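K.L.:
The structure under discussion is supplied below as structure tokens; questions concerning it will follow.
The values are calculated or read from the model by the stated rules, or taken from the named source; none is laboratory data. None of these values were measured; they are calculated from a predicted model. Please note: Cβ atoms are built from the backbone with ideal geometry, for glycine as well, and neighbour counts cover all protein chains shown. These area figures cover heavy atoms from the full protein model, side chains too; ligands, DNA and RNA do not enter into them. Shrake-Rupley method; radii C 1.70, N 1.55, O 1.52, S 1.80 Å.
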Amino acid sequence: MNEREILTRFKAGTLDREQAARLLTGAAEAAAPTVLAPPRTPPIVPGVDRPAAALGAAVSGRNGAGDAGRAAPVTVASPEPVTDDRYAVVGVAGRYPSAGDVDAYWDNLREGRDTSAPAPVARPGGSPLAAGQRGYFVDGVAEFDPEFFGVTAAEGAVTDPQERLFLEVVWEALEDAGCTGSRLDALTSARGAPRAVGVFAGIGSFDYALLAAAAWANGAREMPSGGHGGLSGRAAALLGLTGPAQAVDTAECSALTAVHLAVGALRRGECAAAVAGGVELLLHPSRARDRAGEGVGAVVLKPLARALADGDRIHAVLRDTFSGFGPRRPRPDVAGRDGSGQGHEVEETRESTAVRIGHAGAATGIAALTAAVLQARHGVLAPADGEGAGAPWPRVTDEHGRELPRTVGVEVSADGGHVAGAVVEEHLASRGGPPRRRAVGEDGAERAELVLLSAPTPAHLAATAGRLADWLDGQDGQNRPAGQDRQGEQDGRREDGGGRLAGVARALRGGRAALPCRIAVLVRDVPQLVAVLRRVADGGERDDGGVLRWADLRGAVADPLRLNEVPETREYLGALWRAGHLEQLSRLWLQGVDVDWGALEAAAPWRARLVAPPPSVFLRRPMWLGGDRAAGAVRQPESVA
């Protein structure tokens, strides 16, 4: 029996996975030549034997080439997920018209809201539309928080707002993925480089440079840097990322092309994770166009096997990506069977995106991809024509009546002929695994949870503490945190009180950067944590000697005992953790000792399920070419982003 016959029988259900893998191995050995060059196949998943991985590659339609091949036209529901060449979306963030975060964006999608509006007259540089025209605009494009990223005000003012917004959204996406702390440090490339996260960005316009050129003609001498390389390069440099950084312009396909490039870099082992997205802002009157749109968004990607091993919260899975030039490409089949036995297919396109956020140029692809991820995750079909409201989306079935993941095809074509796309698949999380337990020390007694929070300044810390308290208390109302979708919030609320607290504490310890202004809180329940966070937000007592401890390392000597230089420190910290000495651990962290919380928790049998908290707060303010003279007309927002 040859390989094709084996796969045909496997798809028909006459062979189970183990039988097909065994037969494939025999067929491969029989067909092997005497001298065989190393095959370029997807990596074998840890814990899965070679025949099973080979079966997965064959079923998924991969041809062994370095570039992404199209997914197979038949979806196979197997007892175990095939993860060797699929990519998990572990973080999502974005800002879109009338939506300061992905949660508000989902509300607009689900309700079919018209987010068009007249041109904003308060923007520096004048109205980007002619009289009577309507467009789709992102709020606060003239604002930025340079202190958060260690940038001077002068540098922030001369930086293209597209770079600034993309930088903020990249940070929010990484925080949503839990990848800005010790878990980020643990991401290494195939060559061993730490913090191996790639940044891939789609961008096409350069309105800020046009505004600067006009100002130059009038005597100003401030010019933003030329080219688009800074969009990805600035983000990588400021965040200390060591993976590839690339900006790409393929018109409306730019963001999806960036996603395709990110998947290729992950497949080649150039990075362990990647951020990919795009941005489009309308800042110059020369691009006045009715129904023009704006947007900025990003997703964080990991190989699915790595995301599962790391215990990441998975929003959805990329089964395939493609990018090319020419006529519309045959798209991988995403059809299944609904309850009536009829075919059921869902697709996100440039046209459906234009209905929602206008003609958004380089941001079109990331808006479409985000819409696909949210629909698959929530199980709701958003109206593609902007009419009516969303409808429940039942899972489709194969010819044997087995449920398949919800699947969305995403395809965006540009006027010049370029086309790019992806196939997004719902992640069906495993319901098995050992039961979760509350954290206990070596003496068996239940212990308090250690919650850590840090920020670049005391003002940022107070604002972030207030946001976290609102989210925990369910009082965020209309100002829901950016990057925190409702499904993620519901996931957290499904946990019991202790489980939710443990999940949030774990996410904050290992998934957030250790910035100079810090608090450490030892609490046993969510109401107690909320009360402490309210005190911090209100500028109350900074250190009570027990539950709350506070440190500001901006002007202090971090790690005064120089424990970071001693190799035995890691073992010492592990011993403290295992014994439940959280107060001592927190004191060391407050003094600037590097604690690899991810490594400590990886060995704990009571590791909690991650519950993603809201992102850090940016204290944004108007910032534009010419300083206050140009930005003075922009109103100060009533609340931070």
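K.L.:
Has region 148-157 got at least one residue that is open to solvent by less than 10 Å² (accessible area, probe 1.4 Å) and either touching a strand residue (DSSP E or B) at 6+ places or on another chain (Cβ under 8 Å) or aromatic (Phe, Trp, Tyr) (or both)?
P.N.:
yes
K.L.:
When you scan region 552-641 for helices (runs of 4 or more DSSP H) that lie fully inside it, which ones turn up with 1 or more residues that are at pLDDT 95 or above and more than 30 Å from Phe144 (Cα to Cα)?
P.N.:
Per the criteria, 569-579, 582-590.
K.L.:
Which residue is surrounded by the most Cβ atoms within 10 Å (Cβ to Cβ), if the candidates are limited to region 175-184 and must be under 20 Å from Thr370 (Cβ atoms) and touching a Gly at 6+ places or on another chain (Cβ under 6 Å)?
P.N.:
Among residues in region 175-184 that are under 20 Å from Thr370 (Cβ atoms) and touching a Gly at 6+ places or on another chain (Cβ under 6 Å), the one surrounded by the most Cβ atoms within 10 Å (Cβ to Cβ) is Ala177.
K.L.:
Restricting attention to region 124-144, does a residue exist that is closer than 25 Å to Leu515 by Cα, part of a strand (DSSP E or B), in contact with a strand residue (DSSP E or B) (Cβ under 7 Å, 6 or more places away or on another chain) and open to solvent by less than 20 Å² (accessible area, probe 1.4 Å)?
P.N.:
The answer is yes; a qualifying residue exists.
K.L.:
On to the next question. How many residues are free of Cβ contacts under 8 Å to residues at least 60 places away in the same chain, in contact with a Ser or Thr (Cβ under 7 Å, 6 or more places away or on another chain) and surrounded by 19 or more Cβ atoms within 10 Å (Cβ to Cβ) if we restrict to region 99-122?
P.N.:
1
K.L.:
Now a separate question. Restricting to region 553-568, count the residues that are under 22 Å from Leu508 (Cα atoms) and either touching a Leu at 6+ places or on another chain (Cβ under 9 Å) or free of Cβ contacts under 8 Å to residues at least 12 places away in the same chain (or both).
P.N.:
So the count comes out to 2.
K.L.:
Are any residues in region 308-320 open to solvent by less than 10 Å² (accessible area, probe 1.4 Å) and either modelled with pLDDT under 95 or farther than 19 Å from Glu270 by Cα (or both), and if so, which ones?
P.N.:
Those that are open to solvent by less than 10 Å² (accessible area, probe 1.4 Å) and either modelled with pLDDT under 95 or farther than 19 Å from Glu270 by Cα (or both): His315, Ala316, Val317, Asp320.
K.L.:
Return only the number of the condition from (1) more than 30 Å from Ser116 (Cα to Cα); (2) modelled with pLDDT of 95 or more that Gly361 does not satisfy.
P.N.:
(1)
K.L.:
Here is a follow-up. Could you please let me know if Gly388 is farther than 29 Å from Pro303 by Cα and either assigned to a loop (DSSP other than H, G, I, E, B) or of a type in the set (Gly, Ala, Ser) (or both)?
P.N.:
For Gly388, the condition - farther than 29 Å from Pro303 by Cα and either assigned to a loop (DSSP other than H, G, I, E, B) or of a type in the set (Gly, Ala, Ser) (or both) - is met.
K.L.:
Moving on to the next point. Go through region 145-157 and give me each residue that's under 24 Å from the mean Cα position of the chain (by Cα) and assigned to a loop (DSSP other than H, G, I, E, B).
P.N.:
Listed by number, the residues that qualify are Asp145, Pro146, Gly150, Val151.
K.L.:
Quick one: would you say Arg328 is assigned to a loop (DSSP other than H, G, I, E, B), over 25 Å from Lys302 (Cα atoms), out of contact with any Leu (no Cβ under 6 Å at 6 or more places or on another chain) and modelled with pLDDT under 75?
P.N.:
Yes: the conditions hold for Arg328.
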